[in-house]
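Data first, discussion second: the structure below is written as C-alpha cells.
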Amino acid sequence: MTRILVVEDEQDLGDLLAYNLGAAGHQVQLARTGAAALAKLREDPPQLVLLDLMLPDISGAEVARLIRAEPATARVPIIIVTARGEEADRVRGLELGADDYVVKPFSVKELLLRVKAVLRRFEGAPATAQLHAGPIELDDDRHEVKVNGARVVLTALEFKLLRTFLERPGRVQTRETLLSDVWGIDAEVTTRTVDTHIKRLREKLGAAGDALETIRGVGYKLGG
C-alpha cells in the first residue's frame, strides 16, 4: 500500500483528497501546515507528497526545497497542487523539484491518474544510484554532485536533468524526450526551457560541461 502525504490547508479539499486516495487503495496522511508536513516527512517518509504552495506558515516552495535538500526525502516524488496556473509558476514549481503540477480546480479523476503515472515512473527507478561520467559523480542517495571531487550545487531540476543524461550515456535525448522525462509529460513548457537549463547545467559543471553535446536539430547527448 502506497503512503501519500497530502499537504493542504483547506480542510474540505484535504478531506476530499484523503477520501478519494484512500478509496483508490492508498494510505493517506494529512498535514495542514508546512511545519506539520516536514515533521511527518522526517518521522516516516511517504512514497509521494501532494503539496499545496499556499500554506499558512512555511510556503510550499520552501517545503519542496527542504524535501529535496534532505537525503532521507530527496527522492520522494512531489506533485504540486495549486491555484497558480501560469507557465512561469509551473516552471518555478518544476525548478523546485516537483515531478508534476496540478492546477486548481481539477477533477479528482485527473489527479488520481497523475498520481498513478508519477508512482509508476518511480517504481521503475533504482532505490539507490551512484553514477559517473569522467570527472562527474552523482550520488542519488545524498542528492549530491561532484566534479573532480568538488561539490557542485544544482537545483532539483538540474540534478534530475543531469541524472537522466548519466543514466543514458551516448544516447541522443530530444528536447521533447527531456520535457517528458525530466519536466513531466504534462508540463506546459517550451523546448526553449530545455536549452536554457542545459546552458545553466554546463556552466555549473565547468569544463566537464563540455560532455553535454548539442546534436544540431535533434537534441543533446552525454558524450565521452
**Request:** Averaging sequence separations of C-alpha pairs under 8 Å and six or more residues apart, then dividing by the length of the range 3-123, give the relative contact order as a whole percent.
**Result:** 22 percent
**Message:** I want the antiparallel fraction of DSSP beta bridges within the chain, as a percent rounded to 5.
**Reply:** 50 percent
**Request:** Please give the FRET efficiency for T33 paired with R3, using the beta carbon to beta carbon distance and R0 = 22 Å, rounded to the nearest 0.05.
**Result:** 0.70
**Rg/Rh (Cα only; Kirkwood hydrodynamic radius) as it applies to the range 3-76** = 0.95
**Debye equation applied to the C-alpha atoms of the range 130-222, log10 I(q)/I(0) at 0.14, 0.17, 0.24 Å⁻¹** = -0.45, -0.68, -1.36
**Message:** Please list, in order along the range 59-70, the HN-Hα scalar couplings obtained from phi with the Karplus expression 6.51 cos²θ - 1.76 cosθ + 1.60 (θ = phi - 60°), rounded to whole Hz, x for Gly and Pro.
**Reply:** 5, x, 4, 5, 4, 4, 4, 5, 4, 6, 7, 9
**Asked** Given H placed 1.01 Å from N in the peptide plane, which residues other than close sequence neighbours of T2 have an amide H under 5 Å from its amide H?
**Response** Q27
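Between L16 and R192, how high is the FRET efficiency from 1/(1 + (r/R0)^6) when r is the Cβ-Cβ distance and R₀ = 35 Å? Nearest 0.05. Write down the numbers at each step before the final one.
Working: r = 37 Å, r/R0 = 1.06.
According to the calculation, E is roughly 0.40.
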**Prompt:** In degrees, nearest 10, range 0 to 90: what is the angle between the Cα axis of helix 34-43 and the longest Cα principal axis of the chain?
**Reply:** 70 degrees
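Since every read-out is calculated from the coordinates, none of them should be taken as a lab result. None of these values were measured; they are calculated from a predicted model. Using ideal geometry, Cβ is built from the backbone for each residue, glycine included, and neighbour counts are taken over all protein chains shown.
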